[in-house]
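A short worksheet on the structure shown next.
Only the coordinates and a few stated rules stand behind these numbers; no lab work does. This structure is a prediction, so every number in the text was calculated from the model and none was measured. Cβ placement follows ideal geometry from the backbone for every residue including glycine, while neighbour counts extend to all protein chains displayed.
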């Protein structure tokens, strides 16, 4: 919708200071002509936008301007502020609190207080916020970052050109060009240690990460399992109410696709004795072997 795009343009201008029309066109997946019309509409609405030419030119808001509350409805402003509060939940600078003050002059506009609260900090705020701030500064200044990365396949040292901070699947990631892989890669911030900034780099064309289910979680293995009724809440939370059917004895017949065999085994084991894997049948022996190993380990300690 046009109003959503115009609010988005304002938000970007307030955060970045100055951007180009091609950047906005690519960001919102519209033509430059559409962006130019949006800019004209914002100017007609009383937002003093200015444009400049040349290598460092672009579109910006005049210094010192505060958006009047009449430009946006209460619901629109509340939606913007909810997003800004969510960013402040992981920022250690108070940058977004200051931005909220620019967006909402006067407490009367927000009478009743916030009705949407979003906390993006997870359980690791103390270690996460400094990483986000350092990476954010590195992206703004086009400086490489290096770190030790801990992954299921092992530990490695990486140097990347950071481009985008991503919040996805309830975790934070950085998307950048990895020098060792010579390709774009996604790195989970909670697996990063010894983070440091390095030399400057020249920005390259950046494809957006593909978060489609087919790409991230390919449907490779069909799983059928019987789950005890007390875990119904978990199936609904993780896979939705259509992932199982209730059986006459009260047990839940779960049917879903998983991307890998190890994930299936770990998932079944996480229920303790509350789940029985029916398919794939070849993994039943792996679960039995795991249970026997655990039994022997603790049996020997009596």
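To the nearest 0.05, what FRET efficiency results for residue 257 and residue 26 with a Förster distance of 41 Å applied to their C-beta separation? Efficiency at R0 = 41 Å is approximately 0.75. If you take the square roots of the eigenvalues of the alpha-carbon gyration tensor of the range 215-299 and sort them as a ≥ b ≥ c, do you get rounded (a/c under 1.5), prolate (a/b over b/c) or oblate? Oblate, because a/c is 1.5 or more while a/b does not exceed b/c. Shape class of the range 125-209 from the alpha-carbon gyration tensor: rounded, with the ratio a/c of largest to smallest axis under 1.5.
On full extension, the segment bounded by residue 284 and residue 16 gains 91.1 nm, given 0.36 nm per residue less the C-alpha separation. At an R0 of 51 angstrom, the distance between the Cβ atoms of residue 233 and residue 33 translates into a FRET efficiency of 0.50. Working from Cα pairs under 8 Å separated by at least six residues, relative contact order for the range 215-299 is 36 percent. Taking 0.36 nm per residue of separation and subtracting the Cα-Cα distance, full extension of the segment from residue 193 to residue 219 would add 6.2 nm.
Length available on full extension from residue 266 to residue 56: 0.36 nm per residue minus the Cα-Cα distance, which gives 70.3 nm. Annotation: the range 147-302 has a Kirkwood hydrodynamic radius of 18.9 angstrom, from the mean reciprocal C-alpha pair distance. Compactness ratio for the range 243-283: Cα radius of gyration over 2.2 N^0.38 Å (N = residue count) comes to 1.19.
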